[in-house]
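Before any comments, here is the structure.
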Amino acid sequence: MEQSGRFRVYRGVESVPHINVQAVDEPTLYSVYRSGYTDNQSTVDALETGDLIEATLAGDPADDAEPWRLTAVKRVGRVRTAFAVDIDPPEVARNCWTPGAGAPSYTVLTENGDPIGVCGVQPRAPLPNDGAFVPSVLTGLLPLEAEFESVPEIGDPAIEALFLDPDPPDASSHAWPYGVVFLFTRPSTTVAEGIRDAYDCPLTGDTRPSFDPYGL
């Protein structure tokens, strides 16, 4: 069995040696091997969360001996991502939140009067893993393709994303009923850099928190 098309990469944490890829044209998530490739290993090793790839997946999900593998892969785009957990949410997110909200809401961010992105709050209630926000993002369980393609309230594609979870990934209860996402449509703005400095999550390194998604 083969599946070909464009996929968004959600590179799982190191404790699970797989990459999750979300089909762009349909909300289907595939878990594929991250190692053991002859021709594509260097390309697979370079993949990051938020990468957009053109790929062919081959395997038989009904047969444990033939899981999904990437038989062809080419990176064609990227939303650069950063993460911070166990933090106090920024004021803009607190102001964006409506108690009891069942859907995400967004506030437009500007720099020198021009829109550059949004701050959004994602209610925990509909999320898997008991509402764990960043783990849902990192494993692709929270589909974001529509938001990446057209940032809410702005309409331009996202090129940078910052995900903030007020609680740690393994929290058994949550101090805040939402997770926070910043989506930026312009690179390296002063606003984005200020937020990343405040939460110590630069784009120059891998800021994914370590956790075991199967243990949640």
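Bear in mind that the values in this text are calculations on the coordinates, not laboratory data. Just so it is clear, the structure is predicted and the values come from calculations on it, not from any experiment. Glycine also receives a Cβ, built like all others from the backbone with ideal geometry; neighbour counts cover every protein chain displayed.
Quick notes on this one:
- Measure of compaction for region 62-133 (Cα Rg per 2.2 N^0.38 Å): 1.64
- Fully extended contour minus Cα-Cα distance, from Glu111 to Val76, at 0.36 nm per residue: 9.8 nm
- FRET efficiency, 1/(1 + (r/R0)^6) with R0 30 Å, evaluated for Thr56 and Thr204 via beta carbons: 0.40
- For region 2-78, the relative contact order comes to 31 percent (Cα pairs under 8 Å, sequence separation of at least 6).
- q = 0.25 Å⁻¹, region 16-66: log10 I(q)/I(0) [Debye, one scatterer per Cα]: -1.24
- Taking 0.36 nm per residue of separation and subtracting the Cα-Cα distance, full extension of the segment from Ser35 to Ala103 would add 20.8 nm.
- Hypothetical label at Asp25: residues of region 132-175 whose amide nitrogen lies under 20 Å (7 Å Cα-Cβ projection): 143-150
- C-alpha long axis of helix 190-199 to longest principal axis of the chain, angle in °: 80
- Rg [Å, one decimal], Dmax [Å, integer] - the chain, C-alpha atoms: 17.3, 56
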